[in-house]
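Just below is one structure, and these are the notes that go with it.
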Amino acid sequence: MVWGWFRKKPAREEKPERVYAPPHPRRLNAGAKSLTIKADRKWFTADIEKDLREQIYALPDVPKHERSFIMDQAIQSFSTGGDLGRFSWALGEIGVERARAAEIARAINGRITALINRARQIDTGIYTAEWVHSKAPCFVAFQGDIEGQTKDLAHREANGKRFDVRKGLKIGGKWTYPGMEPGCRCSSRVILKGFND
Ligand SMILES: [Zn+2]
């Protein structure tokens, strides 16, 4: 359109643009490196994006007017395999304290990873899996965390139990999936008939 050529440059925004600058890989410690898990982007489906949006919108730390900024950053972080550095940075930009930002990033990444794993397993057409407790306690946030210990015990007891990957496993009256809940470190292994059955 011709008139577009004559349009004035957009007025400078009041707020400076927030651009993420990833740290140089050499400056990351081993812990930070291990947080960057490469995953296949094709598994970040519309359903998973919808789940991510629900999680972001449910966060009391993210005010309404910052939701689209955080959501954009979340998509860029999680659709490329869990770039927790970027997502934590974005939360910091809107004033979320560092430790809390890391906690949120880990919880969301855990759930998204679990959803992606579930989608991949379903795609293989093998629906039987066995719950695997990592032996490191799930949910225990601090020494003497009774509530966390009780929940961890239920996950320990789930170790070795078989479940349908399309449904998950019912633990404590609630359907769940390994790694789905914040603080759960469990995983699963698929069961192949006549192989590891
Ligand atoms: Zn667990």
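Any read-out appearing in this document is the output of simple, stated calculations on the displayed coordinates, not a laboratory observation. Keep in mind that this is a model prediction, so the values were computed, not measured. Note: ideal-geometry Cβ built from the backbone for every residue, glycine included; neighbour counts use all protein chains shown.
How far, in nm, would the chain grow between Arg166 and His65 when pulled straight, counting 0.36 nm per residue and subtracting the alpha carbon separation? The partial results should precede the final answer.
Values: separation 101, 0.36 × 101 = 36.36 nm, distance 3.59 nm.
Extra length from Arg166 to His65 when fully extended: 32.8 nm.
State, as an integer percentage, the relative contact order of segment 75-197 based on alpha-carbon contacts under 8 Å between residues 6 or more apart. Spell out each step's value before the answer.
On the way: 161 pairs, mean separation 35.6, N = 123.
Reported as a whole number, the value is 29 percent.
At 7 Å along Cα-to-Cβ for each site, give me the label-to-label distance between Arg98 and Lys135 in nm.
3.3 nm
Can you run the Rg to Rh ratio on segment 41-124? Use alpha carbon positions and the Kirkwood inverse-distance Rh.
Rounded to two decimals, Rg/Rh equals 0.97.
Express in nm, to one decimal, how much length is gained between Trp175 and Thr80 on full extension, taking 0.36 nm for each residue of separation and deducting their alpha carbon distance. Before the final figure, lay out each step's value.
Working: separation 95, 0.36 × 95 = 34.20 nm, distance 2.76 nm.
Result: 31.4 nm gained on full extension.
Fully extended, how many nm does the chain gain between Arg189 and Val19 (0.36 nm per residue separation, minus their Cα-Cα distance)?
Values: separation 170, 0.36 × 170 = 61.20 nm, distance 3.93 nm.
Between Arg189 and Val19, full extension yields an extra 57.3 nm.
Report the FRET efficiency, 1/(1 + (r/R0)^6), for Ile126 and Asp51, where r is their Cβ-Cβ distance and R0 is 30 Å, rounded to 0.05.
Rounded to the nearest 0.05, the efficiency is 0.85.
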